[in-house]
1. Could you go through the stretch 34-45 and let me know if any residue there is of a type in the set (Lys, Arg), within 13 Å of the chain's Cα centre (by Cα) and crowded, with 18+ Cβ neighbours inside 10 Å.
2. Let me spell it out: the conditions are (1) at negative phi; (2) at pLDDT 95 or above; (3) among the hydroxyl-bearing types (Ser, Thr, Tyr); (4) touching a Lys or Arg at 6+ places or on another chain (Cβ under 7 Å), and residue 42 meets all of them except one. Which number is the exception?
3. Going through 22, 28, 12 one at a time, which residue ends up being loosely packed, with under 12 Cβ neighbours inside 10 Å and either at pLDDT 95 or above or touching a helix residue (DSSP H, G or I) at 6+ places or on another chain (Cβ under 7 Å) (or both)?
4. So which residues in the stretch 69-83 are within 17 Å of residue 131 (Cβ to Cβ), in a strand (DSSP E or B) and either of a type in the set (Val, Ile, Thr) or in contact (Cβ under 8 Å) with a residue 60 or more places away in the chain (or both)?
5. Hey, could you check the stretch 82-133 for residues that are within 23 Å of the chain's Cα centre (by Cα) and basic (Lys, Arg) and say which is modelled with the lowest pLDDT?
6. If we keep just the residues of the stretch 46-70 that are surrounded by fewer than 14 Cβ atoms within 10 Å (Cβ to Cβ) and among the β-branched types (Val, Ile, Thr), which is nearest to residue 127 (Cα to Cα)?
7. Answer with yes or no whether residue 61 is at pLDDT 95 or above and more than 21 Å from residue 128 (Cβ to Cβ).
Amino acid sequence: METQASAPVIAKKGTFPAKVAKVIDQYKLVINKGKIDGIRESQRMLVYCIDNEEIKDPDTGKSLGFLELVRGSGRIIFVEEEYSILESDQIVNRLLSPSYQAYMSTQIEMQKYLEKTLKSFDNPQIGDLVKPI
């Protein structure tokens with residue numbers, strides 16, 4: 001069975017990086033790009049910020065740049081002309097029963113003790129950067 005690859009991101013020049021314009025909650029963010037910028041529902045995006053500390057080569061002292069600190073990833077769930085809503089798409093398994101028996105269960109039995117939930121973005125801030133992945 002073939003899996004269909006995601007459609008490529010077709011956006012106007014200068015669209016990315018987009019920025020977080022509003023933090024709705026720990027799972028949903030508003031970004032400052034929308035239909036006029038080529039954003040479509042279901043596109044995957046990475047939310048990140050740039051670390052303030054410059055990385056330097058210890059031998060030469062040459063700048064190696066700045067780290068991109070990942071806040072999370074998500075999918076576009078709503079698109080307006082000039083903005084879009086991005087929802088976290090990372091799933092985490094949460095243990096429902098912390099009993100000793102649950103820990104000693106086989107992988108198949110363990111599934112009944114797990115609940116799949118969305119993982120929140122990691123402390124998203126207005127102004128964080130957003131790019132397609």
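The values are calculated or read from the model by the stated rules, or taken from the named source; none is laboratory data. Nothing here was measured: the structure is a model prediction, and the numbers come from that model. Glycine gets a Cβ as well: all are built from the backbone with ideal geometry, and neighbour counts include every protein chain shown.
1. Going through the stretch 34-45, the residues of a type in the set (Lys, Arg) turn out to be 35, 40, 44.
Cutting the leftovers down to within 13 Å of the chain's Cα centre (by Cα) gives us 44.
Keeping just the survivors that are crowded, with 18+ Cβ neighbours inside 10 Å gives none.
There is no residue in the stretch 34-45 that is of a type in the set (Lys, Arg), within 13 Å of the chain's Cα centre (by Cα) and crowded, with 18+ Cβ neighbours inside 10 Å.
2. Condition not satisfied by residue 42: (1).
3. On the way: 22 fails: loosely packed, with under 12 Cβ neighbours inside 10 Å; 28 fails: loosely packed, with under 12 Cβ neighbours inside 10 Å.
Exactly one of 22, 28, 12 is loosely packed, with under 12 Cβ neighbours inside 10 Å and either at pLDDT 95 or above or touching a helix residue (DSSP H, G or I) at 6+ places or on another chain (Cβ under 7 Å) (or both), namely 12.
4. Residues of the stretch 69-83 within 17 Å of residue 131 (Cβ to Cβ): 69-76, 79, 83.
Subset that is in a strand (DSSP E or B): 69-76, 79.
Correct list: 70, 73, 76, 79.
5. Once the filter is applied, the top-ranked residue is 94.
6. 50
7. Details: at pLDDT 95 or above: yes; more than 21 Å from residue 128 (Cβ to Cβ): yes.
Taking the combined requirement at face value, the residue satisfies it.
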